[in-house]
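Input: a single structure, listed below in structure tokens.
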Amino acid sequence: MSEARTKFSDPIKPIRLTVAGKKRSFDIDDPELPGWVTDNELSAGGYPYDKRMKRKAYEKQLERLQIELVKLQSWLQATGERVMILFEGRDAAGKGGTIFVARQYMNPRTARNVALTKPTETERGQWYFQRYVTHFPTAGEFVTFDRSWYNRAGVEPVMGFCTPQQHALFLEETPNFEKGVVADGIRLFKFWLAIGQETQLKRFHDRRHSPLKMWKFSPMDIAGIEKWNDYTKARDLMFERTHSEHAPWTVVLANDKRRARLSVIRRLLLSIPYEGKDMEVIGEEDGAVIAAPDEAFR
């Protein structure tokens, strides 16, 4: 039993689950990961690469793309354009890390991240989208959402935090809501970071046994492990009902965090007509890692 676990939380019983069609028992408190997790951590879910991107190559490309992001921010401030980016995905998909590297060298005065806690009593009585609209970008701003109104398409219905009627209403209202957002001139991006089941288990295990990452681990993570298929069904219905021409979803395969981060930044840079864009630096997208939902989940 790890020192980190005994210091920071109560014991957790082994979890029974089905992974890749096989019934498994996963003991997250065991400091040693089972071979069926470590052997498939990168390849889980049909990930197209058998090796992670090398650190030096990643850091070199990232720095060049971050310079382009600084140019993009200057253009936003000069033109008053507004950018809003939603990051969604299963727990431990890498949303926070991707947001961090995207904003790392941008001026925080006009590049904000929004990560809302559970709604207050007052917010629960409001129009569902209201508390999110409050944080929308003003002229010249670059705003990221670490989870967004799409909580009502995934976490809430799967965990029973909303009624079936509220879920159905959300799926009906969202396309028109987002059509209004885009019509008002906000450049809206919706990214889904997709990871395999064994990848998620490995990342949860890392959090569980790290004194530095323990704060990221919660009872919700355990509940999520056991509801993998329920989350998959909710995700697919979300894509079916909210992937639109005016507000499309972009899926980024994120078993390798480095490739995922570069792919997200590259898509942003390619999609926005900022001044001084260096196409040679940005390069071409990796179609094996970034795609529309119907291409990513064939």
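The values are calculated or read from the model by the stated rules, or taken from the named source; none is laboratory data. From a predicted model like this one, the values you see are computed outputs, not experimental measurements. Note that each Cβ is placed from the backbone with ideal geometry, even for glycine, and that neighbours are counted across all protein chains shown. Just so you know, the surface numbers come from the protein's heavy atoms only, side chains and all, with ligands and any DNA or RNA stripped out. Shrake-Rupley method; radii C 1.70, N 1.55, O 1.52, S 1.80 Å.
The table that follows gives values for the structure above.
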quantity	calculated
Hits in segment 241-273 - residues which are open to solvent by 10 Å² or more (accessible area, probe 1.4 Å) and closer than 25 Å to Gly185 by Cα	Arg241, His243, Ser244, Glu245, His246, Pro248, Thr250, Arg266, Arg267, Leu270, Ser271, Pro273
In segment 129-139, residue most open to solvent (accessible area, probe 1.4 Å) [restricted to those that are in contact with a strand residue (DSSP E or B) (Cβ under 8 Å, 6 or more places away or on another chain) and of a type in the set (Ser, Thr, Tyr)]	Thr138
Test: residue in segment 79-90 that is without any contact (Cβ under 8 Å) to a residue 60 or more places away in the chain and surrounded by fewer than 14 Cβ atoms within 10 Å (Cβ to Cβ)	no
Long-range neighbours under 8 Å by Cβ, at least six apart or interchain, first residue in a helix (DSSP H, G or I) within segment 121-135, second surrounded by 10 or more Cβ atoms within 10 Å (Cβ to Cβ) and not charged (D, E, K, R)	Glu123/Gln130; Arg131/Leu116; Arg131/Pro119; Tyr132/Val114; Tyr132/Leu116; Tyr132/Phe145; Tyr132/Ser148; Tyr132/Trp149
Positions within segment 171-182 being of a type in the set (S, T, N, Q) and either assigned to a strand (DSSP E or B) or open to solvent by 30 Å² or more (accessible area, probe 1.4 Å) (or both), in sequence order	Asn176
Residues located in segment 243-272, provided they are farther than 21 Å from Ala183 by Cα and free of Cβ contacts under 8 Å to residues at least 40 places away in the same chain	Ser263
Criterion violated by Trp215 - all others in (1) within 30 Å of Gln130 (Cα to Cα); (2) open to solvent by less than 30 Å² (accessible area, probe 1.4 Å); (3) hydrophobic (A, V, I, L, M, F, W, C) satisfied	(2)
Members of segment 140-170 that are of a type in the set (Lys, Arg) and either surrounded by fewer than 20 Cβ atoms within 10 Å (Cβ to Cβ) or more than 18 Å from Glu240 (Cα to Cα) (or both)	Arg147
Matching residues, segment 140-173, being of a type in the set (Gly, Ala, Ser) and more than 26 Å from Leu268 (Cα to Cα)	Gly160, Ala168
Any hit, segment 109-128, residues being closer than 21 Å to Ala78 by Cα, open to solvent by less than 50 Å² (accessible area, probe 1.4 Å) and among the hydroxyl-bearing types (Ser, Thr, Tyr)	yes
First in segment 273-284 and modelled with pLDDT of 95 or more, second anywhere and of a type in the set (D, E, K, R) and open to solvent by 60 Å² or more (accessible area, probe 1.4 Å), Cβ under 7 Å, 6 or more apart	Tyr274/Lys71; Gly276/Lys71; Val281/Arg64
Within segment 189-212, tally of residues that are of a type in the set (A, V, I, L, M) and open to solvent by 20 Å² or more (accessible area, probe 1.4 Å)	1
Near pairs, Cβ below 7 angstrom, 6+ apart or cross-chain, from segment 198-218 (closer than 14 Å to Gly97 by Cβ) to any residue that is at pLDDT below 90 and part of a helix (DSSP H, G or I)	Arg207/Met214; Arg207/Lys216
Any pair with Cβ under 8 angstrom, 6 or more apart, that starts in segment 18-32 at a residue that is within 17 Å of Gly224 (Cβ to Cβ) and touching a residue at least 24 places away in the same chain (Cβ under 8 Å) and ends at one that is open to solvent by less than 70 Å² (accessible area, probe 1.4 Å) and acidic (Asp, Glu)	Val19/Glu198
Residue match in segment 34-54 (condition: exposed (fewer than 15 other Cβ atoms within 10 Å of the Cβ) and farther than 30 Å from Ile15 by Cβ)	yes
